[in-house]
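Some notes on the structure that comes next.
The values are calculated or read from the model by the stated rules, or taken from the named source; none is laboratory data. Just so we're clear, the structure is a prediction, and the values are computed from it rather than from any experiment. Cβ sites come from the backbone with ideal geometry, for glycine too, and all protein chains shown count toward neighbours. Heavy atoms of the whole protein, side chains included, go into the accessibility calculation; ligands, DNA and RNA do not. Shrake-Rupley method; radii C 1.70, N 1.55, O 1.52, S 1.80 Å.
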Amino acid sequence: MTPKILVLPGSIRSASFNIRLADAAQLKLAHLGADVTRLSLLDYPLPIVNEGLKADKGIPDNAMKLGRIIAAHEGVFLASPEYNGSIPPLLKNAIDWVSLISADGGVLLKPWRDRTVALGAASPGRLGGIRCLAHLRAVMVNVGTQVLSQQVSVSQARDAFDADGALIDERANGMLERTCSALVDHCRRHGMRQ
């Protein structure tokens, strides 16, 4: 079975280290035999989560589109920046909107439920976004995903990638290899569960 894996960076900044990490993950996952889809949250603008807005107008179209794409994949690789030691609002807002989906055209749809998720972060600091990953792990467990224990934390990200986008640091590259391998293996073993 060829696992379908979505790669989603939690940044839309053109020079984002986490877009570069998502690029590296996309290549590793494809090399490992996954069918990889890559998205940018820039293509799915969303209002701030608001229960009043949901009650008045329903789930925004872009959240529904994201939810359908997530539900069509066994696994998701999230590459997240760290903002003040936590999850950036762009990514958290997208996660939250998708978590509010319960149906699509009268058919049960809980996009996050039972997805296998791998986490990564790249940061210019020495901690490599590790504080964000702890928060992101808690949120993703809460929305119903199975989060792998393997994760990627890229410190000193300004100097972490070569001109081709590969990770230079052996430690970080090893983490990426182990995380991507675990994601592909888990998705192969467990397949689509929803």
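What does the convex hull of the Cα atoms of segment 94-194 come to per residue, in Å³, rounded to a whole number?
On the way: hull volume 12.2 nm³, N = 101.
Dividing the Cα hull volume of segment 94-194 by its residue count gives 121 Å³.
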- Query: If the cut-off is a Cα-Cα distance under 29 Å, which lysines reach Lys4, setting aside same-chain residues fewer than 8 apart in sequence?
  - Reply: Lys28, Lys65, Lys92, Lys110
- For the chain, give the share of DSSP beta bridges that are antiparallel, in percent and rounded to the nearest 5; count only bridges with both residues there. 15 percent
- Dmax and Rg, reported as Rg then Dmax, of the chain (C-alpha, Å): 16.0, 51
- Item | Computed over segment 38-164: relative contact order in percent, which uses C-alpha pairs under 8 Å that are six or more apart | 25 percent
- Surface accessible to a 1.4 Å probe, per residue, for the residues of the chain, Å²: 47 Å²
- Query: Which distance in nm do the two modelled labels at Asn84 and Arg126 give, with both placed 7 Å along the Cα-to-Cβ direction?
  - Reply: 2.4 nm
- Task: Using just the alpha carbons, could you tell me how many Å³ per residue the convex hull of segment 1-106 encloses?
- Result: 107 Å³
- Note on the structure: Residues meeting the amide H criterion for Leu39 (H placed from the backbone, H to H distance under 5 Å, 5 or more places apart or on another chain) are Val7
- List the trypsin sites (Lys or Arg not before Pro) within segment 96-165 that fall in a DSSP loop (any state other than H, G, I, E or B) and whose Cβ has at most 13 other Cβ atoms within 10 Å. Arg126
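Can you give the extra length, in nm with one decimal, that the chain gains between Asn62 and Ala103 once fully stretched, where that is 0.36 nm per residue apart less the Cα-Cα distance? Intermediate values should be presented prior to the final figure.
On the way: separation 41, 0.36 × 41 = 14.76 nm, distance 1.47 nm.
Extra length available between Asn62 and Ala103 comes to 13.3 nm.
Per DSSP helix of 4 or more residues, -39500 (n - 2.57); summed, then divided by the residues of the chain. What does that give at 222 nm, rounded to the nearest 500? Numbers along the way, then the final one.
Values: 6 runs with 78 residues, N = 194.
Rounded to the nearest 500, the figure is -12500 deg cm²/dmol.
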